Every structure is written in C-alpha cells, then in structure tokens.
Amino acid sequence: MIRTKYIKIKDLNFIEKIYIIEVLKGFVITFKHFFSNLFKMFTNKKIITIRYPEEKIPVLGVAKLKSNHRIKLRHDGTPKCVACMLCSTICPAKCIYIEAEEVESIIEKAPKIFNIDLSKCVMCGLCVEACPEDAISMDKGIFEGGSYNRFLNKSLGGLFYTKKELFLNLENEKISELGASNSLIFRREKYE
Amino acid sequence: MNEYIKELILKNLGELKNYFLLNYQVIIEFIIKMFILYFGIFSFAALLTILERKISALIQDRVGPEKANIWKFRLWGLFHPIADGIKIIMKEDFIPKNANKFMFSLAPIITVFSSLIVFAFIPFGNYIQILDHKIKLILIETDIAIFLIIALSSLAIYGVFMGGVFSANSWGILGSMRAIAQLISYEVITLISLLPIILIYTPSTLHDLVEKQSDMFFGIIPNWGIILQPFAFIFFFTAALCENKRIPFDVVEGESEIIGYFTEYSSMRFGAFMFAEYIEIIFFSMLITIFFLGGWNVPFLKDYGFKIFNFVLEIDSKIVYLLELISFIIKVFLVSFIIIFTRWTLPRFRFDQILRLSWEYILPLSIANIIFTAILIRII
C-alpha cells in the first residue's frame, strides 16, 4: 500500500521575505567560525583537520584489517602458507601469483614464489577470507600506495610484494595457532 | 594631399614634443603613479586569490592551502599565488577546433582590459607628499569619471559574450546567455543606486566627493554615504556582487551546473578571466569605499591632525596624508573581505530569482530612493 504524506511548506514571514536580516544572521555564523578558527591558527591550537603525511593518527579497529598484505609465520619461522592457491583463485584482480615447492617437513608443501602486485590489488580482502591456514592477512598497517615505479619491489619503493617483504610477523604478536596444517604440527608435538 | 598630411603630422609631433618638454614632470609623475597603482592592484588581486581560499577554509573548519614553500619557508601559504601562477602558465593553451580563433583569443583580453582601465579614473588616496612635491593620488581626474567608470566596466559584457559564443561549446553559449541577461539588468542598478549619493553631495569629481564626506554630524557621526544612504549601499552592494558574477549570483558560472562562458578556456586565457574577477572585486570595493565609506577619511582626522571636540592633536601633514592612504587601503581590504565572505555565506539564487530581484524589487526601490532623496533635499 502506498501512503502519501503531504508536507506543508511554511510561508515565509515578512522579516524572512526581506532577506537582509536573514543574510546578516548567516554572516554571524560564518564570522563566528572564521574568527574562532583564526584565533586557533595563530595560537597554534588544533583545527580539526589532520595534516596527513606529516601527522598520522592510529588507525581504528577494523580499518586496520584493510591495509597491505603479509603472511604469518609459525614458531619455527616457516610461513604458514601451504601454497593451496585458494587466494590466487578467488582474487578478482588476479594480483597474486604463487608457485609451490616441496619441503622436508610434515606439511610437505610451501610457496616457492609468492608475489602480490599491489598496483592491481583492489583491497577487497577476499584472499584473507579464503585462506584455510589463516596465513595471509591484511593487517600490516601500511596504507600508502603511491609509487613512481610499479615494477620495483616494495622495499625499493615500488608496488611489488615478493616473499621477502611478505613473510613476517608483527612486533609483539601472539603467534596464531589456527589453520589445518598448524594443528597437525601441534598434534604431532603433543604425541612426541 | 600626402604632403599635407605629412606636414600635419610633423607639426603635431612638434607640438607633442613641446608639450612633453614643458610638462615632462607631470608625465613622469603620471608614469610612476601608473606603475605603482597597477603593481599594487596586481599584487592585491594575487593576495585575494589566496585570501579567498584561506577564508573559505577557515569558515568551513579546514586548514586551507599552506604547503607551497620556498626552502621550507611556508608563511601560512602566502606563496600559493606564485605557485598557482606558475602552474597556470605551464598548462597547455588549447583552442577548440570549431572556435573562432580571433574572437576566442580576444575575449580574455577585453575582459582584463575593461577591468583594468577603470582604475585610471578612481582616486586611490588623497595626496602624498615627497619632499616638496605634493602628488595627487589619481591618474586622470575628470568630472565625468563616475559615468565613465560605469560605462567602461560594462565593457566586460563583451568579453563574457565573445568567450562563450565563439568557443563553439553549448555550455559556453548557455553561460554567456545567462551572463548577458544578468549583467544588463544589474548594469542599470549600479548607476541608479549611485545617483542619490550624487544628489546629496553634488561632487564635481570623485576626489571632491570624498572631500565632501569629511564633515561630521554633531561632531560624532561621520558624514559618509552609508549613513545617509543605507539603502543605496545595499542596492549597490548587491549589484556589485552580481556584476562580479560571484556567489550568490553565479548562475553564469555555477561550478556544479555549467562551467559557463570559460568552459573551453585553459592556461593563461582562463587565468585572465579569473584574474579579471579578482580585479573587479578590488574595483567594486574601491567604488564602495569612495561612495559609501568616506574614501580616505578617518573620523576626527583633519589636515592638521586629530580633533576630537576641543582636544587637538597636531600632526605633520605628511603623516596625515600617509594615514589617509593607509585608511583607504584598509577600507578597500575590508570591503573585499566582506565580498569574499558573502560568497561563502549565501547559497546560489535561481536564475529567475536573480532577474526578478533586479527588475521587480531593486530597480523600483532604487528609483523610489532617488525620488525620496530629491524631495528630502528640496525640503531641507
């Protein structure tokens, strides 16, 4: 059922029709803002604006989970990634390139090459959702994505992540014990 | 026939030479005054561009431009006009394929010319005394200055019209159509709203007009135009804003609607239009200062010093002239400040509202104002 609501627009009274007094009221508002901000500017108090590249504020909660990628490490320093290719499959921008390799441990498989091309990445976070090992995550805390050369490595000022820049744990991070192959390791350690 | 013309020219050249030899001091004085005046106007206009951005920022609780620097020396963003100028010159100068190239490039020239030429007739201070020379701070003093100024400033319509129509762009044509309707309807008001002032003071020149505003009523209230003619001030201020094509009367440009008559312009040609707009702000604030705010008059300041009732503080006339010049500059600055403030306070009028405001309200009211003033003068 469609309901119709009639809105009655108030007629302007005489003072509002003259317009000049209303204009002066508007001027009072802008003058107030202007002079209070001018006073703040010369007494070095803070205007709300954050002057971004020079001053940064800590990123709040969930927003931090959409920063640049990293791959978590285990206790022994090996990457949690098992090169299952799920992230590169689900990636809508096709920016993840993985080559697998055999390693001598219980997990048997690890990435030989793991590249993320940030110039293609759309920051959707689907790779994080898809990962069965809780390996890839987007909580590095780096947001800046500007560069003069997209083919250079990220460490050289480019936009290209390789293993070297990707595989790391954050400082003071509690090492995650999630993931299928990880639990395999823990179970085995328990038995031994 | 040819020889006759040659003779005539030679004779006239001789007279010109004689005139120069006799009046070389006047001519040199004129040239120096001209350079100083136009240098001042250019730098003031450049200052207004940064001021506009900074004021708008502070009104909207932002910081505003402050990043331009020379050796990390920022000065609250005062170097931004220089950066803007360099940027706008570096841009590609583009002329559309179907545009009339001659008219297209003539339009910004006319706009800048018409906005600059008017300053020749406006006094920009009382006198200034350097050693024994007492220099009158006006380039050309005529008794028709008031009408000449209005006529010359209305030349700007041609620039707007040519820029829009000959750039082969629909938005441009639409913009110049609106501009012409708007400018013509407010052109009338600019002059008519000034007539009561002329009726009251009956000045011979603009310089004379300002001097006639130097009296005081009851020794307290200054005899300025704004006090005798507050309505004329409101009408003229509105018309000035509208002539300037600024918000709240900026349907011509309408940043979010049509870009207006300079849609196709780029580089310094566009810069010329923008610069002319800021020069026009200075022009109108100078006119408002002279007609309504008593020009360079400072309350209680006479030729010999301050006189407040019976208390007299004598000052050297050189310093009095300097004070008057400073007061004039401050007044012009304040008026242009308010014009900029208006832009960031009021929303845009609709196009029909602008025209109705002009023809149905302000024009009859200003004519009534003239008649009322005339009757009042007759009675008193």
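Please state which of the following conditions A:TYR161 fails to meet, knowing it meets all the rest: (1) modelled with pLDDT of 85 or more; (2) loosely packed, with under 14 Cβ neighbours inside 10 Å.
So the condition that A:TYR161 fails would be (2).
Does B:THR342 meet the test of being in a helix (DSSP H, G or I), within 14 Å of another protein chain (Cβ to nearest Cβ), polar (S, T, N, Q) and surrounded by 18 or more Cβ atoms within 10 Å (Cβ to Cβ)? Reasoning before the result, please.
Numbers: in a helix (DSSP H, G or I): yes; within 14 Å of another protein chain (Cβ to nearest Cβ): yes; polar (S, T, N, Q): yes; surrounded by 18 or more Cβ atoms within 10 Å (Cβ to Cβ): yes.
It is true that B:THR342 is in a helix (DSSP H, G or I), within 14 Å of another protein chain (Cβ to nearest Cβ), polar (S, T, N, Q) and surrounded by 18 or more Cβ atoms within 10 Å (Cβ to Cβ).
Please find, among B:PHE113, B:PHE35, B:PHE42, B:PHE104, the residue that is assigned to a helix (DSSP H, G or I), in the same structural domain as B:ILE329 (by TED's automatic domain parsing) and out of contact with any Leu (no Cβ under 8 Å at 6 or more places or on another chain).
Working: B:PHE113 fails: out of contact with any Leu (no Cβ under 8 Å at 6 or more places or on another chain); B:PHE35 fails: in the same structural domain as B:ILE329 (by TED's automatic domain parsing); B:PHE42 fails: in the same structural domain as B:ILE329 (by TED's automatic domain parsing).
On inspection, the qualifying residue turns out to be B:PHE104.
Out of everything in the range B:222-273 that is free of Cβ contacts under 8 Å to residues at least 40 places away in the same chain and within 14 Å of chain A (Cβ to nearest Cβ), what residue ends up being farthest from B:THR202 (Cα to Cα)?
Within the range B:222-273, the first condition is being free of Cβ contacts under 8 Å to residues at least 40 places away in the same chain, and the residues that meet it are B:227-228, B:230, B:234, B:255-257.
Filter once more, keeping what is within 14 Å of chain A (Cβ to nearest Cβ): B:230, B:234.
Details: B:PRO230: 18, B:ILE234: 21 Å.
Ranking the qualifying residues of the range B:222-273, first place goes to B:ILE234.
Output yes when any residue across the range B:282-301 is free of Cβ contacts under 8 Å to residues at least 60 places away in the same chain, of a type in the set (A, V, I, L, M), part of a strand (DSSP E or B) and out of contact with any Cys (no Cβ under 7 Å at 6 or more places or on another chain), and no when none is.
Within the range B:282-301, the subset free of Cβ contacts under 8 Å to residues at least 60 places away in the same chain is B:284-285, B:288-289, B:298, B:301.
From the residues that got through so far, the ones that are of a type in the set (A, V, I, L, M) too are B:288, B:298, B:301.
This time we only want the ones that are part of a strand (DSSP E or B), so: B:301.
Imposing the further condition that a residue be out of contact with any Cys (no Cβ under 7 Å at 6 or more places or on another chain) reduces the set to B:301.
Yes, the range B:282-301 has at least one match.
Give me the residue from the range B:345-358 that is farther than 26 Å from B:LEU58 by Cα and surrounded by 14 or more Cβ atoms within 10 Å (Cβ to Cβ) and, out of that set, nearest to the other protein chains (Cβ to nearest Cβ).
Taking the range B:345-358 first, the residues farther than 26 Å from B:LEU58 by Cα are B:350-358.
If we keep only those that are surrounded by 14 or more Cβ atoms within 10 Å (Cβ to Cβ) as well, we get B:351, B:354-358.
On the way: B:PHE351: 17, B:ILE354: 13, B:LEU355: 16, B:ARG356: 12, B:LEU357: 9, B:SER358: 14 Å.
The selected residue is B:LEU357.
Of the residues that sit in the range A:27-65 and are of a type in the set (Lys, Arg) and assigned to a helix (DSSP H, G or I), which one is farthest from the other protein chains (Cβ to nearest Cβ)? Before the answer, list the steps.
If we filter the range A:27-65 for residues that are of a type in the set (Lys, Arg), which is where we start, we get A:32, A:40, A:45-46, A:51, A:56, A:64.
Okay, now just the ones that are also assigned to a helix (DSSP H, G or I), so A:32, A:40, A:64.
Details: A:LYS32: 9, A:LYS40: 9, A:LYS64: 26 Å.
Among them, the one singled out is A:LYS64.
Look at B:PHE249 and say whether it is assigned by TED's automatic domain parsing to the domain that holds B:PHE300, under 17 Å from B:PHE292 (Cα atoms) and of a type in the set (A, V, I, L, M, F, W, C).
On the way: assigned by TED's automatic domain parsing to the domain that holds B:PHE300: yes; under 17 Å from B:PHE292 (Cα atoms): no; of a type in the set (A, V, I, L, M, F, W, C): yes.
No: the conditions fail for B:PHE249.
Restricting attention to the range B:241-268, and to residues there that are in contact with a Ser or Thr (Cβ under 7 Å, 6 or more places away or on another chain) and not in a loop (DSSP other than H, G, I, E, B), which single residue is nearest to B:ILE109 (Cα to Cα)?
The extreme case among them is B:GLU243.
At pLDDT 85 or above, more than 24 Å from the chain's Cα centre (by Cα), surrounded by fewer than 16 Cβ atoms within 10 Å (Cβ to Cβ) and among the hydrophobic types (A, V, I, L, M, F, W, C): does that describe B:ILE59? Steps first, please.
Numbers: at pLDDT 85 or above: yes; more than 24 Å from the chain's Cα centre (by Cα): yes; surrounded by fewer than 16 Cβ atoms within 10 Å (Cβ to Cβ): no; among the hydrophobic types (A, V, I, L, M, F, W, C): yes.
The answer is no for B:ILE59.
Which is assigned to a helix (DSSP H, G or I), buried (at least 20 other Cβ atoms within 10 Å of the Cβ) and of a type outside the set (Gly, Ala, Ser), of B:MET162, B:MET177? Can you show your working first?
Details: B:MET177 fails: buried (at least 20 other Cβ atoms within 10 Å of the Cβ).
Of B:MET162, B:MET177, the one residue that is assigned to a helix (DSSP H, G or I), buried (at least 20 other Cβ atoms within 10 Å of the Cβ) and of a type outside the set (Gly, Ala, Ser) is B:MET162.
Starting from the range B:14-32, keep only residues that are over 23 Å from B:LEU137 (Cβ atoms), then list their pairs with residues that are of a type in the set (Ser, Thr, Tyr) and surrounded by 10 or more Cβ atoms within 10 Å (Cβ to Cβ) whose Cβ atoms are within a distance under 7 Å, requiring at least 6 positions of separation or different chains.
Qualifying pairs under 7 Å: none.
Quick test for you: out of B:LYS54, B:LYS11, pick the one residue that is among the basic types (Lys, Arg) and surrounded by 11 or more Cβ atoms within 10 Å (Cβ to Cβ).
Working: B:LYS11 fails: surrounded by 11 or more Cβ atoms within 10 Å (Cβ to Cβ).
None of the others qualify; the one that does is B:LYS54.
The values are calculated or read from the model by the stated rules, or taken from the named source; none is laboratory data. What you are looking at is a predicted structure, and each value in this text was computed from that prediction instead of being measured. So basically every Cβ, Gly included, is an ideal-geometry build from the backbone, and we count neighbours across all protein chains shown.
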